1. Taking the Cα centre of each part, how many Å lie between segment 80-132 and segment 14-37?
2. With Cβ to Cβ distances under 11 Å as the rule, what net charge do the other residues near PRO226 carry (K, R +1; D, E -1)?
3. Using a Gaussian network model of the chain whose springs link C-alpha atoms within less than 10 Å, name the residue from ALA128, ALA289, ALA28 with the highest mean-square fluctuation.
4. Tabulate in residue order the Karplus-calculated ³J(HN,Hα) for segment 102-113, using 6.51 cos²θ - 1.76 cosθ + 1.60 with θ = phi - 60°, rounded to whole Hz; enter x for Gly and Pro.
5. In the Gaussian network model of the chain, springs joining C-alpha atoms below 10 Å, which of ARG243, ARG170, ARG318 carries the largest mean-square fluctuation?
6. With springs connecting C-alpha atoms under 10 Å apart, model the chain as a Gaussian network and identify which of TYR55, TYR195, TYR86 has the largest mean-square fluctuation.
7. Can you give the charge dipole size of the chain about its Cα centre, rounded to the nearest 20 debye, using +1 on the beta carbon of Lys and Arg and -1 on the beta carbon of Asp and Glu?
8. Considering only the chain, what is the antiparallel percent among its DSSP beta bridges, to the nearest 5?
Amino acid sequence: MPGCFGVARLLGPSYSLRCVVFHHISAAESPLTTGMNVSTTPGNFEAALRFLTTYYSPVRLEDVLAEPDGRRLPPRAVLVTFDDAYASVVEVAAPLCFKYGVPAVFFVTAAFLDNRGLAPDNLVCYVANMRGMETIKAAARTVRPTESLELRSLSDVFGGFFPSITLAEREAFLEALRRMGGINERRLAEETGPYLTTKQLCALASFDFEIGNHTYSHVHCRTLSPGDFGPQIDRNKAELEARSGKKVRSFSQPYGSAKDLTPELAEHLKKSGHEAVFLSESVANRRGADPFHLDRVNPRVDDDGTFFLDLEVLPRLRAGRNRLFRGSGLMRTGLNLSSGVN
Ligand SMILES: [Zn+2]
């Protein structure tokens, strides 16, 4: 392995901080998650923690905030994070993190705590799996009747359709989806219990895990007007702090794209007490990286080799590609280094 790290370093600048993001730690998929590429099996997750604790130095958010330029972080510092507050993170992931002494940040959307409803992605996924993409397309046509919409996959919905519509249109689409799919969302959420309860959130906070902001209802932030920052950013922070009793000081961008980190949002996050912002474009963070623009890797952890490739090799290639082609319009013509949707 040491030789492999040496070879990876030749591909690009050394990382100052590696960040990884996981979502749902589960041996089985359900109609709420099948096709979303968010699940990691407990066995693979434990193997990933063994790999990280053998070759890396897991750090806390506090360490990152204290060393914004990364110079005095330990060698191969890595920050483990989780998005979307699946119940599995407290049932499976947190005990394993505790066992291996790995600190973690859990990014939570307060709207779905206690399974009061379904996150939009899980609702869309459920309808696609149980009713088919035709129902998704029909619901989309109710908000954009004149456009020919290419909605062949969940990626088309999350990566193309959602960011192109307003928050009000998204609500209208989700309402049409519930109606056309014959879904009683609240009952489905209560019966399947996919997300954390307030009690579980408090348990995470009491074990010294960090709780972070992931917007109130999991939105593409490029679609927010400044008037939406209060209901989506500030409300989520305040609710999470009130429920967990801990300060929320970091933000993770739903869907992970830098396009959603608008200057207005960055300004608002700074003013509202956030100290770090995380994306998920799977690009290496160089030394001196801006704490308001820290990238995370969404790794495949099927085996150590794949994990190494996703954590050490591809992020450096993407960083190199971005430096070479930034602004030239050639970003998509070179190596296929897609980091996927999450
Ligand atoms: Zn998310």
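Just so you know, all these numbers are worked out from the coordinates, no wet-lab data involved. Computed from a prediction, not measured in an experiment: that's the story for all the values here. No Cβ is skipped: glycine too gets one built from the backbone with ideal geometry, and neighbour counts run over all protein chains shown.
1. Going from one Cα centre to the other spans 9 Å.
2. Summing Lys and Arg as +1 and Asp and Glu as -1 gives -3.
3. ALA28
4. In residue order, the calculated couplings are 9, x, 8, 10, 10, 8, 10, 9, 5, 4, 10, 4 Hz.
5. Result for the chain, Cα springs under 10 Å: ARG243 fluctuates most.
6. The residue with the greatest mean-square fluctuation here is TYR55.
7. Roughly 660 debye for the chain.
8. Rounded to the nearest five, the antiparallel share is 10 percent.
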